[in-house]
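Reading through the structure tokens given below for one structure.
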Amino acid sequence: MTALGLCLVLAASAAAPVFVPGERFTLAWTHSIEKVRWEEDYTVQPGPSPGAAPVLRAPSARVRGSAAGMEPPADARLHGGWYHYTPRQARPEALRLTRSEFTADYELCTAGRCLPLAHWLPSDGGITLLTACHAPIAPRQQPGPTSGNLNE
């Protein structure tokens, strides 16, 4: 069985997606005006049947404080300075991330380490799609010389 992870692709590009291995990750960003940090936790789970595409789940999210027009959801609970809540869309098909040269990039946190999304995929100033996926299958290597003599 192939590994599960995330596929990142620029929406306006025909390039192959970039695979980021892992079954748990956090997507984080800071609002450009209010400077309020948001974090959403996701899991990548096997599809509902053998051979089906993996699915993305959003079990929890949190926002560090609140600001004008950025109120946490009504069911959020304040704990340690963060409003914790359950996202309304628990099983998104894809995340459409608008990235701009004028704001800080999203951060993708895996295995306890957060890096800007540009670490994996540079921004084109447009939309980046993030989906659950299987690791790409590496192409088979062509057999080498049949003589077995490496000095030929």
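The values are calculated or read from the model by the stated rules, or taken from the named source; none is laboratory data. Owing to the predicted nature of the structure, the values given are computational and were not obtained by experimental measurement. Don't worry about glycine lacking a Cβ; one is built from the backbone with ideal geometry, like all the others, and counts go over all protein chains shown. All accessible areas refer to the heavy atoms of the entire protein, side chains included, with ligands and DNA or RNA removed. Shrake-Rupley method; radii C 1.70, N 1.55, O 1.52, S 1.80 Å.
For the reader, a short list of remarks on this structure follows.
- Check on R57, open to solvent by less than 80 Å² (accessible area, probe 1.4 Å), basic (K, R) and part of a strand (DSSP E or B): no
- Yes/no for A94 being more than 17 Å from W38 (Cβ to Cβ), among the small types (G, A, S) and in contact with a strand residue (DSSP E or B) (Cβ under 8 Å, 6 or more places away or on another chain): yes
- Looking across the range 60-93, the residues that are within 30 Å of A135 (Cα to Cα) and either touching a residue at least 40 places away in the same chain (Cβ under 8 Å) or open to solvent by 70 Å² or more (accessible area, probe 1.4 Å) (or both) come down to T86, P87, R88, Q89, R91, E93.
- Within the range 21-49, considering residues that are in a loop (DSSP other than H, G, I, E, B) and closer than 23 Å to A111 by Cβ, the one most open to solvent (accessible area, probe 1.4 Å): E23
- In the set L56, L8, only one residue is farther than 18 Å from Q89 by Cβ and within 10 Å of the chain's Cα centre (by Cα); that residue is L8.
- Number of positions in the range 2-20 that are exposed (fewer than 13 other Cβ atoms within 10 Å of the Cβ) and in contact (Cβ under 8 Å) with a residue 12 or more places away in the chain: 3
- The range 60-139 holds strands (runs of 3 or more DSSP E) entirely within its bounds, and those carrying 2 or more residues that are more than 16 Å from the chain's Cα centre (by Cα) and not polar (S, T, N, Q) map to 77-79, 82-85.
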